Amino acid sequence: MQVNVLKSKVRSNLASGYRPESIPAVIRQSHLMERGGFDVFEGLVDERMRREMLSEAVALLPHATRSEVTVSDGEEQRGGKPRRRFINAQGGPLQQAFNTSPEVLDFLRGLTNRALTFTGEIGTYSYYMDPGDYLDIHRDIVTCDVAVITCLHDRAKDNDDGGRLCLYPDRLGEPLSQIRATPTRGAVKVRVQVGQTIILYGGILPHALLPVAEGQARIVSVLCYRAI
């Protein structure tokens, strides 16, 4: 019973996102947080797996739905409905096999917390196909403490910000509206290249996907895990 109460309190802290000191010590002291709350990795998805997951994503595209929100809601911490425009589809068996792989879980636990678990939910594929598709500054939903995003396809130009992830590692405790009002302050822009995977504390670290450029077409695999 005491363990359950402790977990409930810790999850409440993670959900609130008010102050960095409210983040559980096991997360603050993790390897991933020491790196700023995120890092980009090569080889977590090999080239064969990337091609197969891309084929699966393309096959699922006819079943995808457009997600468009023109005005963000009032959520200040995590979740809610941030402004966005992109296409979204549930993942398939190939993505799910990667999602629940013991090797992947072990790697993530070494970076974050040995108690990390698969949420039990199916992952998704996100498609930023039209010029200007984007996802505004947000923190992820309560069931997504750790996000694992793999780039499967992208025709971005190296000198362009289109489709870059924009992260705010120095603004963990600020309300979302405050960050959105001053989006250049503390912004760290990261290009996740094709085949690379970014792992981040999505429920803690404010982040956004910058609008994609004409002809870019970006497709990513998105997976979520609980850290506590």
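Counted as qualifying within the range 54-173 are the strands (runs of 3 or more DSSP E) with 1 or more residues that are open to solvent by less than 60 Å² (accessible area, probe 1.4 Å) and of a type in the set (D, E, K, R), namely 84-90, 134-138.
For (1) in contact with a strand residue (DSSP E or B) (Cβ under 7 Å, 6 or more places away or on another chain); (2) under 28 Å from residue 134 (Cβ atoms); (3) modelled with pLDDT of 95 or more, each residue gets a yes or a no:
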| site | (1), (2), (3) |
| --- | --- |
| 3 | no, no, no |
| 61 | yes, yes, yes |
| 64 | yes, yes, yes |
| 68 | yes, yes, yes |
| 72 | yes, yes, yes |
| 86 | yes, yes, yes |
| 109 | no, no, yes |
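Being under 18 Å from residue 82 (Cβ atoms), of a type outside the set (Lys, Arg) and either under 15 Å from the mean Cα position of the chain (by Cα) or open to solvent by 30 Å² or more (accessible area, probe 1.4 Å) (or both) holds for only one residue in 225, 201, and it is 201. Checked against the criteria, residue 28 does not count as out of contact with any helix residue (DSSP H, G or I) (no Cβ under 7 Å at 6 or more places or on another chain), touching a residue at least 24 places away in the same chain (Cβ under 8 Å) and basic (Lys, Arg).
For the range 174-198, taking the residues that are outside any strand (DSSP E or B) and hydrophobic (A, V, I, L, M, F, W, C), the one that is farthest from the chain's Cα centre (by Cα) is identified as 181.
Please go through the range 177-194 and give me each residue that is open to solvent by 10 Å² or more (accessible area, probe 1.4 Å), closer than 26 Å to residue 112 by Cα and touching an Asp or Glu at 6+ places or on another chain (Cβ under 9 Å), ordered by number. Matches in the range 177-194: 186, 188, 189, 191, 193, 194.
The values are calculated or read from the model by the stated rules, or taken from the named source; none is laboratory data. Keep in mind that this is a model prediction, so the values were computed, not measured. When we count neighbours, we look across all protein chains shown, and the Cβ atoms used for this are built from the backbone with ideal geometry, even at glycine. Note: areas computed on protein heavy atoms with side chains; ligands, DNA, RNA excluded. Shrake-Rupley method; radii C 1.70, N 1.55, O 1.52, S 1.80 Å.
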